[in-house]
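The values are calculated or read from the model by the stated rules, or taken from the named source; none is laboratory data. These numbers come from a predicted model, not from an experiment. In this analysis, Cβ positions are derived from the backbone assuming ideal geometry, glycine residues included, and neighbour counts consider all displayed protein chains.
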Amino acid sequence: MLKHKRTLVTYVIIGVTLVILAAIFRILGLDRDPSFFEWPILYFGSAVVQAYAALIAVPFTIWVIYMQSKYGTVIVRMFLNKIIYPFTIFAIVAVISAYTMSLEKTSYAYWAFMAELAVTLIFLPPLISYIIKLMTMGPEDVISTLKTSSRSLEDFIASSLHILRLYMLEAYPDEKAISSMLRTILFSMRNIERLKLYPEVWHRFKDLLKAIAVEGAYLPNKYLMKNLMALFMAWLVRNNRDRTARAFIRYYKRVALRYMEERLPSEIVEDLFLDPTLGVFKVLNAKKSLVAYATDQCISLLKKIRRANMLGDITSKEMCRVLTIVDRYFYDVEELAEVLTLRKYISRMRKELMCAPKY
């Protein structure tokens with residue numbers, strides 16, 4: 001609403017300016033002397049065409065360099081259609097200028113000059129507004145454009161994950177923008193049974209997890225990450241990508257540890273490790289080998305948390321809470337050798353830490 005009001009005010013000012021200028025010409029009697037406008041039409045028309053060309057070329061050159069350095073050449077190619085709008089305006093202004101300049105020595109010189117002036121002023125606000133919008137394009141706008149230009153849903157998800165990773169690695173990313181991008185990706189993946197097996201997707205997701213776990217990227221909302229991690233694991237299990245799923249279990253453990261640097265382990269272990277792995281395996285009746293591997297990684301995770309407890313980074317009470325959460329989670333898991341090993345480890349730790357008895 002505010003944007004429309006500003007546009008209306010701008011065009012009212014342009015209209016008033018043209019009326020005042022026409023009135024001045026009329027008072028001075030210049031509107032009845034076409035010869036007065038012969039040279040002004042030529043100079044003004046030439047200046048207008050050059051000014052519009054520079055106004056389009058310079059910002060777009062800067063924009064292309066910025067986008068290419070930030071997102072890569074592949075993303076830039078998807079945005080080439082953004083050039084159509086300003087070049088259409090330039091073509092209209094150039095054609096009208098050429099026509100009005102051709103009327104310099106006719107009786108219509110005054111009207112040609114006024115027409116050229118009007119066209120110049122009318123097309124200037126939308127062009128400047130478009131360039132400002134393009135130059136201030138955020139990651140959400142990039143993903144929105146990708147949605148319409150991507151060849152397939154899988155290609156869109158892969159590109160979105162790539163953009164999200166790059167944005168998360170920036171020094172001061174916008175939390176709302178990251179959450180919005182995550183929701184867009186989650187919505188695109190809501191029907192995983194229709195999602196084709198596309199290696200580029202999980203490679204991009206692996207890069208995202210690596211950015212969080214290794215490169216120290218910004219930590220997104222844990223619930224959005226939990227849902228995204230669970231969807232990816234379910235997608236891999238449904239397509240029998242066991243080897244890839246095992247690799248992601250390791251990454252999930254590292255992501256959980258990264259989150260534990262800023263939050264308590266009891267707030268993280270279930271949401272960012274147990275639910276996206278064993279929780280998914282329970283629902284989909286995954287192979288025993290995957291359950292066993294996830295259990296092994298859970299033992300490894302508990303040992304790392306225990307080490308933090310021994311170093312004094314977390315209290316024994318907090319360690320007991322973690323043990324209780326994991327023990328409760330494995331209550332209905334099949335009696336595999338790895339599960340028995342986990343339960344023994346939990347039992348031993350509870351005794352060492354003198355945790356409160358279970359109820």
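Just one of the listed residues (Leu121, Leu103) is assigned to a helix (DSSP H, G or I), in contact with a helix residue (DSSP H, G or I) (Cβ under 8 Å, 6 or more places away or on another chain) and either within 20 Å of Leu18 (Cβ to Cβ) or not acidic (Asp, Glu) (or both), and it is Leu121.
This table checks each residue for (1) assigned to a helix (DSSP H, G or I); (2) in contact with a Gly (Cβ under 9 Å, 6 or more places away or on another chain); (3) at pLDDT below 95; (4) polar (S, T, N, Q).
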{"position": "Lys253", "(1), (2), (3), (4)": "yes, no, no, no"}
{"position": "Leu301", "(1), (2), (3), (4)": "yes, no, no, no"}
{"position": "Asp332", "(1), (2), (3), (4)": "no, no, yes, no"}
{"position": "Arg350", "(1), (2), (3), (4)": "yes, no, yes, no"}
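Within the stretch 148-169, restricting attention to residues that are over 11 Å from the mean Cα position of the chain (by Cα) and in contact (Cβ under 8 Å) with a residue 40 or more places away in the chain, the residue that is nearest to Ala53 (Cα to Cα) is Ser149. Here are some residues: Phe205, Phe187. Which one is among the hydrophobic types (A, V, I, L, M, F, W, C) and buried (at least 17 other Cβ atoms within 10 Å of the Cβ)? One residue alone meets the criteria, Phe205. Here the stretch 216-232 is the region considered, the condition is being outside any helix (DSSP H, G or I) and touching a Ser or Thr at 6+ places or on another chain (Cβ under 8 Å), and the residue that is farthest from Ala158 (Cα to Cα) is Asn221. When Trp235 is tested against the conditions (1) surrounded by 16 or more Cβ atoms within 10 Å (Cβ to Cβ); (2) not in a helix (DSSP H, G or I), the lone failure is (2). With the requirement that a residue be closer than 15 Å to Asp296 by Cα and more than 44 Å from the chain's Cα centre (by Cα), what does the stretch 314-359 give you? Hit for the stretch 314-359 is Lys344, nothing else. Checked against (1) buried (at least 16 other Cβ atoms within 10 Å of the Cβ); (2) in a helix (DSSP H, G or I); (3) not charged (D, E, K, R), Ile314 passes all but condition (2). Picking from residues in the stretch 191-215 that are touching a helix residue (DSSP H, G or I) at 6+ places or on another chain (Cβ under 8 Å) and in a loop (DSSP other than H, G, I, E, B), the one that is farthest from Asn239 (Cα to Cα) is Val214.
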